1. Going by how many other Cβ atoms sit within 10 Å of their own, how do Lys131, Lys212 line up, fewest first?
2. Structure shown: which of Lys127/Lys164; Lys138/Lys171; Lys88/Lys138; Lys65/Lys127; Lys171/Lys212; Lys65/Lys164 lie over 28 Å apart, alpha-carbon to alpha-carbon?
3. Convert 37 °C to kelvin, take the viscosity as 0.692 mPa s, use the Kirkwood radius over C-alpha pairs of region 192-247 as Rh, and evaluate the Stokes-Einstein diffusion coefficient in µm²/s, rounded to a whole number.
4. Counting other beta carbons within 10 Å of each Cβ, put Glu134, Glu99 in order, fewest first.
5. Could you list which residues have their amide H under 5 Å from that of Phe91, counting only those 5 or more apart in sequence or on another chain, with H placed in the peptide plane?
6. If each residue's Cβ is checked for other Cβ atoms within 10 Å, how do Asp162, Asp142, Asp239, Asp225 rank with the fewest at the top?
7. In whole Hz, with x marking every Gly and Pro, tabulate ³J(HN,Hα) for region 78-93 from phi via Karplus 6.51 cos²θ - 1.76 cosθ + 1.60, θ = phi - 60°.
8. Between Glu159 and residues 5 or more places away or on another chain, which pairs have amide H atoms under 5 Å apart, with H built 1.01 Å from N, and which residues are they?
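Please treat every number below as a calculation from the coordinates, not as lab data. It should be emphasised that the depicted structure is a prediction, and the values quoted were computed from it without experimental measurement. As a convention, Cβ positions derive from the backbone with ideal geometry for all residues, glycine included, and neighbour counts pool all protein chains shown.
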Amino acid sequence: MNYRKNQNPVLFLTTLGVYLGLLVVGGAAPQVFAHSATTRNFELVDEIEVKDDLDKNPDDRAMSKMSLQVYLEDIELFFNELRRLRVKNSFDPASDTFEVAQSTQLPCVAANRTGNYTATAFRTSNKNATKSLEYLSKLLTDGYSLGDCLPDTRFSPQEATDSKFPLELGKANFVVEVAVRKRSAERASLLTSELSSVLPTLNSASLSAIRKAICGSTSFRAENDQIFIVTRLPRAGLDSLLAQGAK
């Protein structure tokens, strides 16, 4: 398993500049700010040195738990940003909408510096949420290192991981769905079971209301050789969840 934040003892390479420019769509409805969807290869320029706390042959369950914990932290961070905007009256959880989608292939190479990124959607009715959406998009890029290294014609003969995500606040729900590809349907099923057993250990009474809501609304499923991590919260509950006094 290629773990994003803790596997490589030398460097963690993160993406910058996945999306370029804003296209303003006019009309009678509220303005929608949309990024152009592009497919491109580019160099990853931001290198962050990290220490590897799991360099002594950790088992797969420990790695899965760490990956899932990072995912939950990232979604909580995003909700805290929406909460900050709501407090400033810069975001309305009752009416604002957004949609972001992207697929990513990253070669399984030590100190990897290139990848293939396809952004298929970036729309928001509220430009104040743009930076927060861009930041979460970068965090979701690598599938939380849960994917297997598989043959990929773009990087042949080097294998690569394959992941994708849609992120949406629609009329009824907030949904983020991270999908990664495994080497077989059996491996996808095993990882689904593993993550399902790990999630309860990451949920406790001491967590913030936002984190508890995220944990309680996150599920996993396997479809053929893919595994999906899905967090779905009803829009109707977002206003109280993002309230200034929520702890």
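1. Numbers: Lys131 11, Lys212 16.
Lowest count first: Lys131, Lys212.
2. Details: Lys127/Lys164 24 Å; Lys138/Lys171 25 Å; Lys88/Lys138 25 Å; Lys65/Lys127 34 Å; Lys171/Lys212 23 Å; Lys65/Lys164 20 Å.
Lys65/Lys127, as the Cα separations exceed 28 Å there.
3. On the way: Rh = 12.7 Å.
The calculation lands on 259 µm²/s.
4. Working: Glu134 16, Glu99 19.
Fewest-to-most ranking of Glu134, Glu99: Glu134, Glu99.
5. So Phe91 has HN proximity to Arg86.
6. On the way: Asp162 22, Asp142 26, Asp239 12, Asp225 18.
Ordered from fewest to most neighbouring Cβ atoms within 10 Å, Asp162, Asp142, Asp239, Asp225 come out as Asp239, Asp225, Asp162, Asp142.
7. Taking θ as phi minus 60°, the curve returns 4, 5, 5, 5, 5, 4, 4, 5, 4, 4, 8, 6, 10, 8, 10, x Hz for region 78-93.
8. Cys108
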